[in-house]
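Inspection log for the structure reproduced underneath, given as structure tokens.
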Amino acid sequence: MDVAAEVRAEAARQSVTVTALAERAGMSVKTCSRKLHGRSRITTGDLWRFGDALGVSAATLMARAEQSDRVFARDVVTNRHRGSLAAEVAALR
């Protein structure tokens, strides 16, 4: 489950920059960026801070990330069923 991707997506939906998100979440820009790009683990506390900073609950961010994983898995299986290697590769990007 890629929670960082969901936090990035929610920030993008709200036009919140990494700098603004970091400030709202009470962390340095460097730390925030590392967490959002998978170079540092997002802790439960981080998830709560990101949620508060974006006005979305941590549970909602988790649920959306889980839903994205299910959609991705479904799409990969569907593309395999159709025998489309190009579509499968594209889905992995």
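Take the conditions acidic (Asp, Glu) and over 11 Å from the mean Cα position of the chain (by Cα) and apply them to Glu23. Does it pass? Even if it seems obvious, please write down each step before you answer.
Working: acidic (Asp, Glu): yes; over 11 Å from the mean Cα position of the chain (by Cα): yes.
The answer is yes for Glu23.
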TODO: Give the residues of the range 13-39 that are of a type outside the set (Lys, Arg) and open to solvent by 40 Å² or more (accessible area, probe 1.4 Å), sorted by residue number.
DONE: Gln14, Ser15, Thr17, Val18, Thr19, Glu23, Gly26, Ser28, Val29, Thr31, His37, Gly38
Task: Residue satisfying all of: in the range 40-68; open to solvent by less than 80 Å² (accessible area, probe 1.4 Å) and polar (S, T, N, Q); nearest to Asp2 (Cα to Cα) among these - done: Ser68
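The values are calculated or read from the model by the stated rules, or taken from the named source; none is laboratory data. Note that the structure is a prediction, hence the values are computed from the model and not measured. Side chains included, ligands, DNA and RNA excluded: accessible areas come from the protein's heavy atoms. Shrake-Rupley method; radii C 1.70, N 1.55, O 1.52, S 1.80 Å.
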